[in-house]
Amino acid sequence: MSQTVHFHSAKEFADRTRAAVGNPAHRRSFRGAMDFLQAKRAAQFPDPQAFENLRTLGEAIRRYSLAHLPDLLERLEARLTANGFHVHWAETAEDANAIALDIARRIEARHVIKGKSMVSEEVGFNHAMEAAGIEALESDMGEYIVQLAGETPSHIIMPAIHKTKQEIATLFAERIPGVDYTEDVDELIRIGRQVLRRKFLAADIGLSGVNFAVAETGTLCLVENEGNGRMCTTVPRIHIAITGIEKVVEKLEHVPPLYSLLTRSATGQAVTTYLNLISGPRRSGELDGPEEVHLILVDNGRSRAYADEQMRATLQCIRCGACMNHCPVYARIGGHAYGTTYPGPIGAIVSPHLLGLESTYPLAFASTLCGACGEVCPVRIPIPELLVRLRNEAQALPTANAPVRGRGAARRMLPSAVWRGWAFVYGHLKTYRLVSWLLSRGRALSPANQGAWTASRTPLVPAPKRLRDLLKEHSR
Amino acid sequence: MSNTSHRHYPAKPGDVYLFATCLVDQFAPEAGLDTVRLLEREGIRVHFPEAQTCCGQPAYSSGYPDEARAVARQQLDLFPRPWPVVVPSGSCAAMIRHHYPSLFADEPTLAERARELGERVFELSEFLVHVVGFQHNDAVEPCTVALHTSCHARREMGSHTTSTALLRGLPNVKLVEQAHAEECCGFGGTFAIRHPDISEAMADDKVQSLRATGAGLVVSADCGCLFNIVGHAAKQDERAGNAKPTLPGEHLATFLWRRTGGERS
């Protein structure tokens, strides 16, 4: 099944960013949303030292989990199986969808109701179901809106953040039968809930993501606010959970610090409305819960990132979205411009493992390396360093078995030559002396048109005398 | 990002090295000269190794590590005495202090030398505050300024606090803070060229928030940001037909020297 990547060249990326930047309403609304989310997060971490202590713990837990990943996954599978889960392994997106389809066909499922799951977006789950004639309906309100509009999420936590109240009102009035236009938010939510309530009851399968999978106890933790996650995982006959292999932690006691970092970083909440701990199918004597629970553990390029010591840090991510909420580039272009399931800084560093650098290398360059993402990351992923690493990989000589798929995809003759020339000038003193002297002496010849620089700035003109000249005079 | 606190500062030395940066050498030599003057006034001898060129950051952040290494390698041997190295740029100081060790990770001897060098690299304002104990009389005429701190200065060197302290220490200077002060100005080295649209949008917002403060001047300890912000504002002036710049900028070193009784050459 095709994945949701829309661009295949740097030009297409540039076209989309230009369109986004040129839309003032879009920029205002993203700025407003980002400011709101930043303030909410900041209010949750009033004491910088307490935040550093908590993220030290969070980072340690994530690194520990990754250091023991193969072992923890084996233990997770054994424990889940003992608890009555069915555990499936999917190497690729196609494998993941095939596993879900097998389950759906076995019970002749017609309807799947979905809780929020970015991994299901990543593997193109909805398309796969649709192609097999099965309805897959999103029940997270933001996801529902995005699906109704025929779009993809523009943010991993707030999928419909790009939509205004008016746009949603219009969408509901047009697409939901019998609904009149209203901008009353409570009313809009009520309408959505009414539609979804019927769907929960009609669904054969509930699909959900997983925030943390606990190896020691065989528990799946699901963090949510709307209660739709609990509905998806308890009402339908069958519950399928889908997640990346990196989401495992060893112990239940590892969950609270990560949960706290997640909710505070993501939405600025001390706790969410729901934290579901799922420990198996309905047991005899229980009144509700699914008859079967499946877990699909998806690799989809993660092992490759895991194999590289530096890139492994991308797997520490707990998907809070704080990096995009604080990214000045994301705030200007929005999530769709990235063209990948995961946008923003985290998208730029995980997408190359999922899709290869061929179609994702422009993302690594779409950053000023300002470091805002790394500063707020609750598990201390060194995002700017990883962006630099991916730039290196994108322009390195292609090699077989490169640590990142598509190494060398951005390698071009001209820029390579320019940078070799740059290194020659700045790496050889005599050349530098001559070139910088010529630039100063020839400053009157400095071009007025300096390409992209002068598109929005006045030209850079060398000073009449270099510092080294002034210092010679100064010391006389 | 990396260590911005708990740094050990030495006692005021008799000698320091100046690593002036390529932008200062070619485009803003006054900032370099004023750095020298500020330090000499404190009784410090300033040594400028003439063989210095550039820290290598442009290639490093553009994804050309070999080219960055070739240039950085030339700077490693220029500071043999154990004197502090003062850099009038938080970004270039951070490059040496935080990124040289990983840049030379495959060559242990050089990596060690890079680490040793990084230990004694100081951004100008942090050096003036924590090592020199900068204290001078301010000029009489009042002025209102806004400070822009580069992202690397702020997040890798922590020098937004020391730049702020220096400006707050001048009684007749009113320091005003722009909205979103901690946000990137959109320069990002070659980012400004590679993504001109995004860069312009960011610079636009930065200039707008700076203008909204009513400051007559923007001060920064980093030339890259300064050229971006002031160049962007000047382009707006040009389009609006303003004869005088409505948002001029000055390097922190020049501003400090001018305000505290320094003579113009």
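The values are calculated or read from the model by the stated rules, or taken from the named source; none is laboratory data. What you see is a predicted model, and the numbers here were worked out from it, not measured in a lab. Quick reminder, even Gly has a Cβ in these numbers, built from the backbone with ideal geometry, and neighbours come from all protein chains shown. We work out accessible area using only protein heavy atoms, side chains counted, and drop any ligands, DNA or RNA first. Shrake-Rupley method; radii C 1.70, N 1.55, O 1.52, S 1.80 Å.
The Cα center of region A:284-349 and the Cα center of region A:427-454 differ in position by 45 Å.
Size descriptors for region A:45-113 (Cα atoms only): Rg and Dmax, in that order, 18.7, 55 Å. In this Cβ point-charge picture (+1 for Lys and Arg, -1 for Asp and Glu), region B:15-130 has a dipole of about 120 debye about its Cα centre. Of all DSSP bridge pairs formed entirely within region A:64-303, close to 25 percent run antiparallel. Each residue of the protein assembly as shown gets 166 Å³ once the volume of the Cα convex hull is shared out per residue. Charge tally for A:Ile381 (other residues, Cβ to Cβ under 13 Å; Lys, Arg +1; Asp, Glu -1): +3. Spin-label model, A:Asp102 to A:Thr170: label points 7 Å out along the Cα-to-beta-carbon direction sit 4.5 nm apart. The separation of region B:159-198 from region A:37-97, counted between C-alpha centres, amounts to 36 Å. Accessible surface for region B:15-130, divided over its residues, is 30 Å² per residue with a 1.4 Å probe. Would you please give the FRET efficiency between A:Glu94 and A:Arg433, computed as 1/(1 + (r/R0)^6) with r the Cβ-Cβ distance and R0 = 60 Å, to the nearest 0.05? Here the calculated transfer efficiency is 0.50. Its Cα gyration tensor gives region A:64-303 an equivalent ellipsoid; the semi-axes, largest first and in whole Å, are 29, 20, 17.
Cα centroid distance between region A:360-385 and region B:30-60, in Å? Result: 30 Å between the Cα centres. Taking every protein chain into account, the accessible area of region A:22-158 amounts to 44 square angstrom per residue (probe 1.4 Å).
Panel note: contact residues of region A:335-372 (accessible area lowered by at least 30 Å² against the chain on its own; 1.4 Å probe) correspond to A:Phe365, A:Thr368, A:Leu369, A:Cys370. Of all lysines in the structure, the ones whose alpha carbon falls short of 28 Å from that of A:Lys465, not counting any fewer than 8 places away in one chain, are A:Lys430, B:Lys235, B:Lys244. Note on region A:331-476: Cα-Cα pairs beyond 21 Å make up 62% of the total pair count.
In this structure, A:Tyr274 and A:Ala25 have a Cβ-Cβ separation that, at R0 = 30 Å, corresponds to a calculated FRET efficiency of about 0.35.
For region B:136-259, the orientation-averaged shadow of the C-alpha convex hull comes to 7.6 nm² (one quarter of the hull surface). For the chain pair B and A, buried accessible area totals roughly 5600 Å², probe 1.4 Å, rounded to the nearest 100. Take the Cα of A:Phe424, step 7 Å toward its Cβ, do the same at A:Arg190, and the gap between the two points is 7.4 nm.
Distance between the 7 Å Cα→Cβ label points at A:Ala131 and B:Val140: 8.1 nm. Would region B:73-206 count as rounded, prolate or oblate if I go by the C-alpha gyration tensor, calling it rounded below 1.5 in a/c and otherwise prolate when a/b exceeds b/c, oblate otherwise? Judged from the Cα gyration tensor, region B:73-206 comes out oblate (a/c at least 1.5, b/c at or above a/b). Coordinate range of the alpha-carbon atoms in region A:250-332 per principal axis, descending: 53, 34, 27 Å. Would you mind telling me the antiparallel percentage of the DSSP bridges in region B:15-130, rounded to 5? About 0 percent, rounded to the nearest 5.
Give the percent of DSSP beta bridges with both residues in the protein assembly as shown that are antiparallel, rounded to the nearest 5. Given both bridge residues lie in the protein assembly as shown, the antiparallel proportion sits at roughly 15 percent. Between A:Lys472 and A:Asp15, the FRET efficiency from the beta-carbon distance, with R0 = 45 Å, is close to 0.35.
Taking Cα centre as origin and charging only the Cβ of basic (Lys, Arg, +1) and acidic (Asp, Glu, -1) residues, the dipole magnitude of region A:413-475 rounds to 140 debye.
Only the Cβ atoms of Lys and Arg (+1) and of Asp and Glu (-1) were treated as charged; on that basis the dipole of the protein assembly as shown about its Cα centre amounts to roughly 1860 debye.
Take each residue in B:20-27, count the other chain C-beta atoms within 10 Å of its C-beta, and the mean is 6. The mean of 1/r over all pairs of different alpha-carbon atoms in region B:15-130, once inverted, gives a Kirkwood hydrodynamic radius of 14.2 Å. Computed with the Debye formula from one identical point scatterer per Cα of chain B, without solvent, the log10 of I(q)/I(0) at q = 0.10, 0.12 Å⁻¹ comes to -0.49, -0.70. Remark: relative contact order (chain A) = 19 percent; criterion is Cα-Cα distance under 8 angstrom and separation of 6 or more residues. Carbon-plus-sulfur accessible fraction, region A:64-303 (probe radius 1.4 Å, protein heavy atoms only): 50%. Looking only at other chains, what is the average number of their beta-carbon atoms within 10 angstrom of each beta-carbon in A:324-330? Partner-chain Cβ atoms within 10 Å, mean over residues of A:324-330: 4.
Peptide B:203-212 shows a mean partner chain C-beta count of 1 within 10 Å per residue C-beta.
Counting only Cα atoms, region A:413-475 measures 42, 28, 16 Å along its principal axes, largest extent leading.
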